[in-house]
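Notes to accompany the following structure.
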Amino acid sequence: MKIIKNFIGILLFSLILIQSAVAADIRDSVVKIYTTTNRVDFYHPWQSKGSTALIGSGCIISGNRILTNAHVVSDQTFIQVKKYSDPKKYTARLMAIGHDCDLAILEVEDENFFKGVPPLEIGDLPFLRDMVNVIGFPTGGDEISITEGVVSRIEVTRYVHSFSRLLTVQIDAAVNPGNSGGPVIKDGKLIGVAMQVAPYAQNIGYIIPTPIINHFLEDLKDGRYNGFPLAGFEFLKTENPTLREYYKIKDKKGGILISRVLPYSSAYGKIQEGDVILEIDGVPVGEDGTFQFRNTDRLLISHLITQKQIGATLSFKIIRDGKQKDISFPISSFTLFVPNPYSVRNPPYYIYGGLVFTVLSADLLFEWNDQGNDAQFRAPIDFSYSYFGAGRLNEDKKKEVVVLLDVLPDAINVGYHDYSSLIITKVNGEDVDSFKDFVLSLHRAKGPYTIIETKEKVKLILKNENIDTIDQEILKRNSIPRCYSAEVEQWLNEKK
C-alpha cells in the first residue's frame with residue numbers, strides 16, 4: 001500500500017513538473033499590457049474622469065493578434081505591450097472589443113514584436129478536476145507569474161464587467177489584479193482567459209472558457225462584432241406538481257414556464273406568457289431550467305441561446321393552452337430596458353433651461369459607487385427598480401428611461417434647484433418613450449411654456465422665451481462646452 005501511495009505521489013509530482021515545463025516554454029506568448037484609460041463621467045456626461053493607468057495580461061494567438069480582457073483596455077487612450085523576454089514596449093492598437101464577454105483583441109503594427117513567438121493554440125473546454133496553469137503579470141512584482149490550480153466548477157454565471165450571464169470555469173488557482181486577460185493553460189493549449197475572482201472568498205477565480213472565446217473570434221470574422229444574443233424571456237421552474245397539472249404538462253418530462261417576454265426582444269410576439277418550453281433546438285429542458293451537458297453535467301438553458309451567433313435560428317417545442325407546437329425565429333441583438341455596463345459608450349445628454357437630461361443605464365447607476373460599494377442600494381430607488389426590480393420587465397413598452405439628472409441653477413429654474421434623479425414621463429402632455437422622442441418633443445413645443453412631467457407627478461414648467469440664449473449663459477458659467485451630445489445634434493439636424 002505504501003508503494004502504491006509513493007507511486008501516486010511521484011506521478012502527481014511529475015504531472016506538476018510537466019505542466020510547469022509546458023508553461024515555461026510558452027512564456028513569450030504571454031504579454032504584459034500597459035493601458036492608459038479615460039472613462040466618461042456618466043453623471044457629468046460632457047466630460048471625462050481623467051487619465052488613469054493600469055496593467056493587465058494577454059496572450060498571442062493566431063493572426064498576430066493579442067487576446068485579453070475587455071476590462072483591461074476599456075476606455076483606452078493609449079496601449080503598450082511587452083513580451084516576457086524583451087524589455088522593449090511596443091505600441092498596440094485596439095482592434096476589437098466585446099464588453100458582454102469581457103474579451104478584446106489588440107494588434108501591434110511593428111511585426112518584429114511577433115517574430116519567433118509561436119501563437120497559443122486554443123484547446124477544448126476542460127473537465128472538473130483538470131489541472132491548469134494561470135500565467136500573467138499580477139501585482140506584487142514585475143516578472144511573469146505562473147500559478148497552478150484545479151478546475152472546480154463549470155457553470156453559467158454573471159460577468160462582473162458587463163453583468164452578462166455566460167459560461168465560466170471556476171478554478172482554485174490564485175488570480176490577482178494584473179492577471180486579468182492572461183492565458184490559462186492545459187497541456188500547452190489555451191483553455192481560458194483569467195477574468196475575475198469571487199469577492200469575500202479565498203482561492204476562487206473565474207476564467208472565460210474556450211466556447212466563449214471561439215464564439216467571440218467567430219463573430220469577428222466579418223470584421224464586425226455583434227455580440228452574444230439574448231432571447232428576451234424570463235421563466236419559472238415547474239417543480240411544483242399542482243403547477244404542472246394546471247399547465248397540462250403532468251405527463252411531460254421537464255419544461256419551464258414563461259413568466260415574461262421582454263418588449264423589442266427576439267422572442268416578443270413569438271413566445272407568450274404561460275407557454276411551457278420543453279425543448280430548445282431539440283435539447284430537452286429540465287424543470288429546473290437546466291439541460292444535460294457533457295455526460296452528467298448540467299448547465300442553465302441560457303447557454304443554449306448564447307452559444308448561437310446573432311442571426312441564427314432558434315427552435316422551440318412548447319406547450320400552449322395544453323397543446324404541443326413547434327415554433328422558431330431568428331435571434332437578434334437585444335439591449336435591455338436599462339442597458340448593462342458598457343452597453344452605452346458615450347451617454348447622450350441634453351441641457352434645456354439649465355435642466356440636465358440623459359438616459360438611465362447601469363453605468364449611471366454605478367456612478368454612485370464612487371462613495372463605496374453596493375452602488376445599487378444608494379442609487380435613487382426608482383432607478384434601481386428599473387434595473388434590479390420588476391421595472392426591468394418594461395410593462396409600459398418604452399424604449400429607454402429618460403431621467404432628469406441634475407439642475408444647473410439659474411433664474412429660469414428657480415424652485416427646481418433641489419430636483420434631480422427623476423424619471424421623465426411626458427413633455428407637453430405627450431408620452432416619452434425614448435431619449436430621441438424626448439428631445440424632439442421639446443423642439444416641437446410651440447407655445448409660451450414647456451411642461452415636463454415626471455414619474456413622481458412633478459411638473460417642471462419653463463418659459464420658452466429666449467431659452468436658447470439663457471442656456472448659453474448657463475453653459476458659460478458652468479464651463480460646459482455644449483448643451484447637447486453629438487448624437488442629439490444629429491437628431492436635431494435631421495429635423496431641420
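The values are calculated or read from the model by the stated rules, or taken from the named source; none is laboratory data. The shown structure was predicted, so the numbers you read here are calculated from the model rather than taken from an experiment. Backbone-built Cβ (ideal geometry, glycine too); neighbour counts: all protein chains shown.
Give the residues of the stretch 218-274 that are assigned to a strand (DSSP E or B), surrounded by fewer than 18 Cβ atoms within 10 Å (Cβ to Cβ) and either under 20 Å from the mean Cα position of the chain (by Cα) or of a type in the set (S, T, N, Q) (or both), sorted by residue number.
GLU234, SER259
Of the conditions (1) assigned to a strand (DSSP E or B); (2) surrounded by fewer than 22 Cβ atoms within 10 Å (Cβ to Cβ), VAL193 satisfies every one except a single condition; which number is it?
Evaluating VAL193 over (1) assigned to a strand (DSSP E or B); (2) surrounded by fewer than 22 Cβ atoms within 10 Å (Cβ to Cβ) leaves (2) as the failure.
Just to verify a result, which residue in the stretch 428-466, among those that are more than 18 Å from PRO348 (Cα to Cα) and among the β-branched types (Val, Ile, Thr), is surrounded by the most Cβ atoms within 10 Å (Cβ to Cβ)?
ILE452
Among all residue pairs at least 6 apart or on different chains, which show Cβ distances below 6 Å where the first residue, located in the stretch 470-482, is crowded, with 17+ Cβ neighbours inside 10 Å and the second is of a type in the set (Gly, Ala, Ser)?
Short answer, once both residue conditions are applied: ILE474/GLY354.
Identify, please: which residue in the stretch 153-189 is free of Cβ contacts under 8 Å to residues at least 40 places away in the same chain and under 15 Å from LEU128 (Cβ atoms) and is, among those, nearest to the chain's Cα centre (by Cα)?
GLN170
Yes/no per residue for (1) over 30 Å from TYR349 (Cβ atoms); (2) over 24 Å from the mean Cα position of the chain (by Cα); (3) modelled with pLDDT of 95 or more:
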| site | (1), (2), (3) |
| --- | --- |
| VAL31 | yes, yes, yes |
| GLY50 | no, no, no |
| ALA70 | no, no, yes |
| TYR84 | yes, yes, no |
| ASP100 | no, no, yes |
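Working carefully through the options ILE412, ILE452, find the one that is assigned by TED's automatic domain parsing to the domain that holds SER386, out of contact with any helix residue (DSSP H, G or I) (no Cβ under 7 Å at 6 or more places or on another chain) and within 20 Å of ILE474 (Cα to Cα).
Exactly one of ILE412, ILE452 is assigned by TED's automatic domain parsing to the domain that holds SER386, out of contact with any helix residue (DSSP H, G or I) (no Cβ under 7 Å at 6 or more places or on another chain) and within 20 Å of ILE474 (Cα to Cα), namely ILE452.
Suppose we filter the stretch 58-73 for residues that are surrounded by fewer than 21 Cβ atoms within 10 Å (Cβ to Cβ) and touching a Phe, Trp or Tyr at 6+ places or on another chain (Cβ under 9 Å); how many remain?
Count: 1.
Which condition number does PRO126 fail, the rest of (1) under 26 Å from the mean Cα position of the chain (by Cα); (2) over 26 Å from ASP219 (Cα atoms) being met?
(2)
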